[in-house]
Amino acid sequence: MRSFEKKVSTKQRATKRTALAGALVAAMMMSPGFVVGTPALAQKAEQQDNNTLTYGKLLQKIENGEVVRVDLDESEKVADVYLKGQEPNAQPQRVKLLDQNPELINTLKANKNVQFDEVSSANSKAAVGLLINLMWILPLVALMLLFLRRSTNASSQAMNFGKSRARFQMEAKTGIKFDDVAGIEEAKEELQEVVTFLKQPEKFTAVGARIPKGVLLVGPPGTGKTLLAKAIAGEAGVPFFSISGSEFVEMFVGVGASRVRDLFKKAKDNAPCLIFIDEIDAVGRQRGAGIGGGNDEREQTLNQLLTEMDGFEGNTGIIIIAATNRPDVLDAALLRPGRFDRQVIVDAPDRKGRLEILKVHARNKKVDPAVSLEVVARRTPGFTGADLANLLNEAAILTARRRKDFITQIEIDDAIDRLTIGLTLNPLLDSNKKRLIAYHEIGHALLATLLPHADPLNKVTIIPRSGGVGGFSQQILNEEMIDSGLYTRAWIQDNITMTLGGKASEAEVFGESEVTGGASNDLKMVANLARKMVTMYGMSDLGLVALETQNSDVFLGRDWVSRNEYSEEMATKIDRQVREMAISCYQEARKIIRENRALVDRLVDLLVEQETIEGEQFRKIVAEYTQLPEKQQLVVSGG
Ligand code: ADP
Ligand code: MG
Ligand code: ZN
């Protein structure tokens, strides 16, 4: 039983705890294990001891009735013993316990005259708590160290980023000439002068003129802004530096600004040259705008850009061309004289422009001489330069796939449908579904032919297309009206009726309960048209009020709360007007279908058999049954 007789004094315990804390801290640094006290310390304690009992002696003393009270502390594995005849304020004797102490408990229970109690030492609990906490902290500290190292790496990377890995491109020769840009003659003319600024600045400086530094190209995507800028550099024979506005905006504050500095430094070394900044709205937005205040990084970048533009004199031979489709959100400081004070509009081309662009892109393709680019231009209102380039490329791909030597009108038409509607899929087998789709499409096609102001039918087909299109009926586009934007009330109304023709035909033939969801797109279009008629063109009983402006974009960079320019009451009135218009058009559509039911059935049979009916054939059949409106007769005779 010698091993039990390790005695530790209270005083020693205190020292031991300090040692414990020290050991813990040390252990934390070295390894998860730690040492509780050392044998040497315990030895020393035994020597100094004069106030302790052993476990065995305690049991004996209890049996002998020398003990008054025992306080057991399970967590510390010690017992404080109060002996008989001890001075009232004297310290109790401390006894080291074993892991399990059944004898002691039994002895205590047997000797009823000894009080005993379980006490827990708050101190020891705190120590244990500390220990557990430290065990958590250890991995946390390690993690923190890891992150710290990472972020220092990242920020040092960021510093290098702005300097060495600038994101701009430089082309010594763009190889693009004004000839390659078509359909935007006005813009080209205005920019012709810029070429002279770059080529012969003396011409202007000799008479004391200050050469402009910045030109802003404004226009929708794909209209040829980048191409135009490259053409200027190509014509002037100067290097072309380009960067996109979005490249300036980085996560780390200051990177964008340093990129701007870099770009201008490089440009100055290569002057005369042209700097092209695409999507300048990404950096050039109104400062301090947007939700939740400004954006430090963007503002710093913009400030740097402004500083650089002020920094070089107009005669250093650097011209900056920036492009955007959102001039309205640009910071006023950018548009000030001496910066981007010249604005050139690059708009989507009109029919003549489309023809010119088609000619440019047909130059390097084998196109059948029978193809009329004129007709293609007519059929593609709203197409931008990029769309037209893509169209001819699609046609060329189709030609190669069909193993033909020349692109013919068929490939071009197919490419147009493919771009505007979707890829063709395999036709459906003869089924109820096919007939239902045929009735729907014939509904549209017949109304397009019978309504006096609707545009004539080009073709109707039930060959499905990708994107869930079961078929479609296509009108010859009224490019005059689309190009000018001058829609007449009668035209809009007949278009609404025609658009509702699909649903009307389904309802007449199969009953209202059988109408499918296939008309949901039609309904959206109707709502759109009717709403425009009421709110934008003032073509309703509500009278001459333009209630909505054309531009209904949200997030303009200026105002993020979209405001209606009319009251609740007016909104209700508008809704009622829109609904009334749609209902009366729908009734008109059903009436026409009902009155021509035999014709409808015949056309459906033909469509199910042929899968596509061309406008010409369609009109001939319709003419057998009823008088065609004037507009349609022109199409028949005119071809
Ligand atoms: P943007 O910069 O306005 O978005 P791009 O200049 O990048 O448009 O045009 C993309 C491509 O479309 C050009 O490379 C070119 O092939 C074709 N393209 C666009 N506009 C024209 C145009 N006016 N004339 C000829 N090609 C054009
Ligand atoms: Mg571009
Ligand atoms: Zn439809």
* Structure fact -> In the range 494-529, anything over 37 Å from the mean Cα position of the chain (by Cα) and part of a loop (DSSP other than H, G, I, E, B) is listed as G511
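In the list D494, D522, which residue meets the criterion of being under 20 Å from I592 (Cα atoms) and at pLDDT below 90? Can you show your working first?
Details: D494 fails: at pLDDT below 90.
Exactly one of D494, D522 is under 20 Å from I592 (Cα atoms) and at pLDDT below 90, namely D522.
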* **Options F340, F383, F276: the member that is of a type outside the set (K, R), at pLDDT 85 or above and assigned by TED's automatic domain parsing to the domain that holds L398** => F383
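Restricting to the range 593-612, what's the tally of residues that are within 30 Å of R489 (Cβ to Cβ) and open to solvent by 20 Å² or more (accessible area, probe 1.4 Å)?
4
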* Residue that is farthest from ligand 1 (Cβ to nearest atom) [pool: residues in the range 428-446 that are free of Cβ contacts under 8 Å to residues at least 24 places away in the same chain and part of a loop (DSSP other than H, G, I, E, B)] -> S431
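For a quick check of your reading: which helices (runs of 4 or more DSSP H) sit entirely within the range 178-236 and have at least 1 residues that are open to solvent by 70 Å² or more (accessible area, probe 1.4 Å) and either within 18 Å of F276 (Cβ to Cβ) or small (G, A, S) (or both)? Give the derivation first.
Numbers: elements: 185-199, 202-205, 225-236.
Fully inside the range 178-236 and qualifying: 185-199.
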* Asked: How about the range 237-255: which of its residues are in a loop (DSSP other than H, G, I, E, B) and closer than 20 Å to L191 by Cβ?
  -> G237, V238, P239
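Conditions (1) under 19 Å from L603 (Cα atoms); (2) open to solvent by 70 Å² or more (accessible area, probe 1.4 Å), marked per residue:
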residue	(1), (2)
L398	no, no
R418	no, no
D430	yes, yes
A448	yes, no
P456	yes, no
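Condition test on V515, is it touching an Asp or Glu at 6+ places or on another chain (Cβ under 8 Å) and either open to solvent by 20 Å² or more (accessible area, probe 1.4 Å) or over 15 Å from A448 (Cβ atoms) (or both)? Step through it out loud before you land on a result.
Values: touching an Asp or Glu at 6+ places or on another chain (Cβ under 8 Å): yes; either open to solvent by 20 Å² or more (accessible area, probe 1.4 Å) or over 15 Å from A448 (Cβ atoms) (or both): yes.
Yes.
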* Structure fact -> So, first residue farther than 14 Å from K188 by Cα in the range 215-226, second residue open to solvent by 10 Å² or more (accessible area, probe 1.4 Å) and near ligand 1 (Cβ under 6 Å from one of its atoms), Cβ within less than 9 Å, six or more apart or across chains; the pairs are P221/A386; G222/G385; G222/A386; G222/A389
* Whichever residue in the range 360-396 is aliphatic (A, V, I, L, M) and in contact (Cβ under 8 Å) with a residue 60 or more places away in the chain and, among such residues, is most open to solvent (accessible area, probe 1.4 Å) -> A386
* Considering (1) open to solvent by 20 Å² or more (accessible area, probe 1.4 Å); (2) touching a residue at least 40 places away in the same chain (Cβ under 8 Å); (3) within 30 Å of the chain's Cα centre (by Cα), say which one S246 fails and leave the rest. => (2)
* **All helices (runs of 4 or more DSSP H) inside the range 1-119 with 2 or more residues being at pLDDT 75 or above** => 55-63, 102-110
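Listed residues I357, I319; which is open to solvent by less than 20 Å² (accessible area, probe 1.4 Å), touching a residue at least 40 places away in the same chain (Cβ under 8 Å) and not assigned by TED's automatic domain parsing to the domain that holds G254? Talk me through it step by step, then tell me what you get.
Numbers: I319 fails: not assigned by TED's automatic domain parsing to the domain that holds G254.
Among I357, I319, only I357 is open to solvent by less than 20 Å² (accessible area, probe 1.4 Å), touching a residue at least 40 places away in the same chain (Cβ under 8 Å) and not assigned by TED's automatic domain parsing to the domain that holds G254.
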* Structure fact -> When (1) outside the structural domain of V604 (by TED's automatic domain parsing); (2) acidic (D, E); (3) part of a loop (DSSP other than H, G, I, E, B) are applied to D455, the one that fails is (1)
* Please tell me if S473 is in a helix (DSSP H, G or I) and either among the acidic types (D, E) or on the phi < 0 side of the Ramachandran plot (or both). => no
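The values are calculated or read from the model by the stated rules, or taken from the named source; none is laboratory data. No experiment lies behind these values; they were computed from the predicted model shown. Every residue, glycine as well, gets a Cβ built from its backbone with ideal geometry; the counts of neighbours run over all protein chains shown. Accessible surface is based on the protein model in full, side chains and every heavy atom, while ligands, DNA and RNA are left aside. Shrake-Rupley method; radii C 1.70, N 1.55, O 1.52, S 1.80 Å.
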